[in-house]
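S.K.: The structure is given below, and queries will be raised subsequently.
The values are calculated or read from the model by the stated rules, or taken from the named source; none is laboratory data. Computed from a predicted model, the values in this text were never measured in an experiment. Backbone-built Cβ (ideal geometry, glycine too); neighbour counts: all protein chains shown.
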Amino acid sequence: MHEALVEAQALLGLDLANLETAASLTSKRLEAARGAVGEYLEEHAPDRSQGEPLVVAFGSMARHEMTRGSDFDYLVVLQNLEKDPGLIQTYRLAAREALRKIALKEPGPSGLFGRAISAADLVNSIGLDGDTNLNLSRRVLLLEESVALNSPVGLEDLIESIVARYLYEEGEEPQVHRFLLNDIVRYWRTVAVDYQAKRWEEIEGDKWGLRYVKLLSSRKLTFVGSVTSLYMPVVKNVPATSEFLGEQFALPALARVAQLAPHLGFGNRSALAEVLGIANEFSGLLSSADFVEEVKGVQDPASAPVGTSMHGAKVLGNNLQAALEALFFSDEPLEGDSDIKLGALSRKYLSF
Amino acid sequence: MGKAEPTPIESRIVGLLRKRVEQAVQDHGSDWAATKLNISVSGVEAVLWDRDWSVGMAVQLAGGLGVLNDEDVDRLEEPRVTA
């Protein structure tokens, strides 16, 4: 489990056993996936060099929250123009091999993942017509929940380049960078809107219930983690550089939230404890095959009867929302000699 | 749209093969199964955790672990009706 979560666990007197289990499982899976990619590339592309395509995994693997049933989505990100198209396919096949080895699965049908894309598009196409839903999703997911399967330094550099683009012509004094924050918020709203839009398009399906639970839990917490990262230069009173924010986005999403712990007063610590405790509960639920089986087929989560797993998840989701509001709209000053209040930051940056 | 429902024979076959696969893993261990299937141990855990095996998955696993019989294949060649 990331050290920020370990520290928060100790400071707040929490039991985050489910998250520890998930982190441990993720570690093993990540090692297996990296091994599979490495072996495949060693055999099929032995003359690799700096600037090679990046094989990037997304989702619970990057968040350190895998369960036994988890697989991963991936993209191959091209750092350069590749003269040999066969090389691009080799890297895609390496990712497929990793997926097969750890989950015996083929990539899903979505156009969002399983493809090769250009790093330049991620850096240069922010906003306006060229910034499609796909491009926005890939860029923000790269920031929020990605992990390298072959070149960690390459991914770090890419993330720092994307952040630097957002910070272009903005100062480095402790601040919340609005351009980046606005895009993070835009993506979170897009996820929520697209959920409803896809339901409208598909009419019925066998995964809506599970997607709904993930919207209430991990997707929301990933967004909150990113907001926290953008607040941290102000919280810590440090320059808001692309290096600092790049390091922030290298943290797993929940660790970004947990890092607040030592900066909070008593009231806010209780709220953060509630948030992390609920995240731990959701982790436990999603690791249960019975729970997943029961919720995934639910077509109308809003009408889930009391006593069902979906109803329980909704209650937990409501509690999480209340705890997040209590924390992020609190007027309790941060710990130490500070005038800073999370509520003031949230009213200023998350409203208009 | 949702995927086609399995036929009764497919559901029985998946159930039967699943039991054999689970027994084989219990008897010989996850490491053995991982080597036979050329996947990682966590891959073995992932497939066993998944409640929703397709016929293809069940046949692949059973075949890989050596617990697929000729009669199982014959049963699968009965005509399939989609919902």
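S.K.: Using beta carbons and a limit of 7 Å, which pairs, at least six apart or on different chains, have the first residue in region B:46-70 and without any contact (Cβ under 8 Å) to a residue 12 or more places away in the chain and the second one surrounded by fewer than 17 Cβ atoms within 10 Å (Cβ to Cβ)?
M.R.: Going by the 7 Å Cβ cut-off, the qualifying pairs are B:TRP49/A:ALA289; B:ARG51/A:ALA289; B:ARG51/A:GLU293.
S.K.: Would you pick out the residues in region A:125-171 that are under 15 Å from A:SER226 (Cβ atoms), surrounded by fewer than 21 Cβ atoms within 10 Å (Cβ to Cβ) and either without any contact (Cβ under 8 Å) to a residue 12 or more places away in the chain or acidic (Asp, Glu) (or both)?
M.R.: Of everything in region A:125-171, nothing turns out to be under 15 Å from A:SER226 (Cβ atoms), surrounded by fewer than 21 Cβ atoms within 10 Å (Cβ to Cβ) and either without any contact (Cβ under 8 Å) to a residue 12 or more places away in the chain or acidic (Asp, Glu) (or both).
S.K.: Another one. Restricting to region B:3-33, name every residue that is among the small types (Gly, Ala, Ser), farther than 16 Å from B:VAL59 by Cα and without any contact (Cβ under 8 Å) to a residue 40 or more places away in the chain.
M.R.: Matches in region B:3-33: B:GLY29, B:SER30.
S.K.: Name the residue that is farthest from the chain's Cα centre (by Cα), counting only residues in region A:94-111 that are away from chain B (no Cβ under 14 Å) and crowded, with 16+ Cβ neighbours inside 10 Å.
M.R.: Ranking the candidates gives A:ALA94 first.
S.K.: Conditions first: (1) assigned to a helix (DSSP H, G or I); (2) under 11 Å from the mean Cα position of the chain (by Cα); (3) within 14 Å of chain A (Cβ to nearest Cβ). B:ASP31 passes all but one, so which condition is the exception?
M.R.: For B:ASP31, the exception is condition (2).
S.K.: Could you list, in sequence order, all residues of region A:305-325 that are buried (at least 19 other Cβ atoms within 10 Å of the Cβ) and either in a loop (DSSP other than H, G, I, E, B) or over 22 Å from the mean Cα position of the chain (by Cα) (or both)?
M.R.: Within region A:305-325, A:SER309, A:MET310 qualify.
S.K.: If you go through region A:281-297 one residue at a time, how many are part of a helix (DSSP H, G or I), farther than 16 Å from A:LYS207 by Cβ, touching a residue at least 24 places away in the same chain (Cβ under 8 Å) and not hydrophobic (A, V, I, L, M, F, W, C)?
M.R.: So the answer is 3.
S.K.: I'd like to check something: does region B:10-32 contain any residue that is hydrophobic (A, V, I, L, M, F, W, C), buried (at least 16 other Cβ atoms within 10 Å of the Cβ), within 20 Å of A:GLU106 (Cα to Cα) and in contact with a Phe, Trp or Tyr (Cβ under 6 Å, 6 or more places away or on another chain)?
M.R.: Checked region B:10-32: at least one residue is hydrophobic (A, V, I, L, M, F, W, C), buried (at least 16 other Cβ atoms within 10 Å of the Cβ), within 20 Å of A:GLU106 (Cα to Cα) and in contact with a Phe, Trp or Tyr (Cβ under 6 Å, 6 or more places away or on another chain).
S.K.: Can you confirm whether region A:286-297 contains a residue that is hydrophobic (A, V, I, L, M, F, W, C), within 20 Å of the chain's Cα centre (by Cα) and surrounded by 19 or more Cβ atoms within 10 Å (Cβ to Cβ)?
M.R.: Scanning region A:286-297 turns up at least one residue that is hydrophobic (A, V, I, L, M, F, W, C), within 20 Å of the chain's Cα centre (by Cα) and surrounded by 19 or more Cβ atoms within 10 Å (Cβ to Cβ).
S.K.: Would you call A:PHE72 of a type outside the set (Asp, Glu), in contact with a helix residue (DSSP H, G or I) (Cβ under 7 Å, 6 or more places away or on another chain), within 14 Å of chain B (Cβ to nearest Cβ) and crowded, with 17+ Cβ neighbours inside 10 Å?
M.R.: Spelling it out, A:PHE72 is indeed of a type outside the set (Asp, Glu), in contact with a helix residue (DSSP H, G or I) (Cβ under 7 Å, 6 or more places away or on another chain), within 14 Å of chain B (Cβ to nearest Cβ) and crowded, with 17+ Cβ neighbours inside 10 Å.
S.K.: Could you pull out the residue among B:ALA83, B:ALA62 that is of a type in the set (A, V, I, L, M, F, W, C) and at pLDDT 90 or above?
M.R.: Selected residue: B:ALA62, the only one of B:ALA83, B:ALA62 that is of a type in the set (A, V, I, L, M, F, W, C) and at pLDDT 90 or above.
S.K.: Could you figure out which of (1) within 14 Å of another protein chain (Cβ to nearest Cβ); (2) at pLDDT 85 or above isn't true of B:MET1?
M.R.: With (1) within 14 Å of another protein chain (Cβ to nearest Cβ); (2) at pLDDT 85 or above applied to B:MET1, the lone miss is (2).
S.K.: Could you go through region A:145-158 and let me know if any residue there is part of a helix (DSSP H, G or I), β-branched (Val, Ile, Thr) and closer than 16 Å to A:ALA45 by Cα.
M.R.: no
S.K.: Condition first: more than 12 Å from chain A (Cβ to nearest Cβ), under 30 Å from A:SER60 (Cα atoms) and charged (D, E, K, R). Now tell me which residues in region B:4-28 satisfy that.
M.R.: B:ARG18, B:LYS19, B:GLU22 - these are the residues of region B:4-28 that are more than 12 Å from chain A (Cβ to nearest Cβ), under 30 Å from A:SER60 (Cα atoms) and charged (D, E, K, R).
S.K.: Within region A:180-195, can one find any residue that is within 14 Å of chain B (Cβ to nearest Cβ) and either among the acidic types (Asp, Glu) or crowded, with 17+ Cβ neighbours inside 10 Å (or both)?
M.R.: No, that holds for no residue.
S.K.: Looking only at region A:28-69, how many residues end up being of a type in the set (Lys, Arg) and either away from chain B (no Cβ under 14 Å) or more than 16 Å from A:ALA148 (Cβ to Cβ) (or both)?
M.R.: Selection size over region A:28-69: 4.
S.K.: With the requirement that a residue be surrounded by fewer than 17 Cβ atoms within 10 Å (Cβ to Cβ) and out of contact with any helix residue (DSSP H, G or I) (no Cβ under 8 Å at 6 or more places or on another chain), what does region A:339-352 give you?
M.R.: A:ASP339, A:ALA344, A:ARG347, A:LYS348, A:SER351, A:PHE352
S.K.: Pull up region B:38-56, narrow it to residues that are closer than 25 Å to A:ASP290 by Cβ and more than 7 Å from chain A (Cβ to nearest Cβ), then point me to the one that is farthest from the chain's Cα centre (by Cα).
M.R.: B:VAL41
S.K.: Would a scan of region A:269-284 turn up a residue that is within 30 Å of A:GLU156 (Cβ to Cβ) and within 14 Å of chain B (Cβ to nearest Cβ)?
M.R.: no
S.K.: Okay, moving on. Return the only residue of A:PRO262, A:PRO239 being more than 14 Å from chain B (Cβ to nearest Cβ), part of a loop (DSSP other than H, G, I, E, B) and surrounded by fewer than 23 Cβ atoms within 10 Å (Cβ to Cβ).
M.R.: Selected residue: A:PRO239, the only one of A:PRO262, A:PRO239 that is more than 14 Å from chain B (Cβ to nearest Cβ), part of a loop (DSSP other than H, G, I, E, B) and surrounded by fewer than 23 Cβ atoms within 10 Å (Cβ to Cβ).
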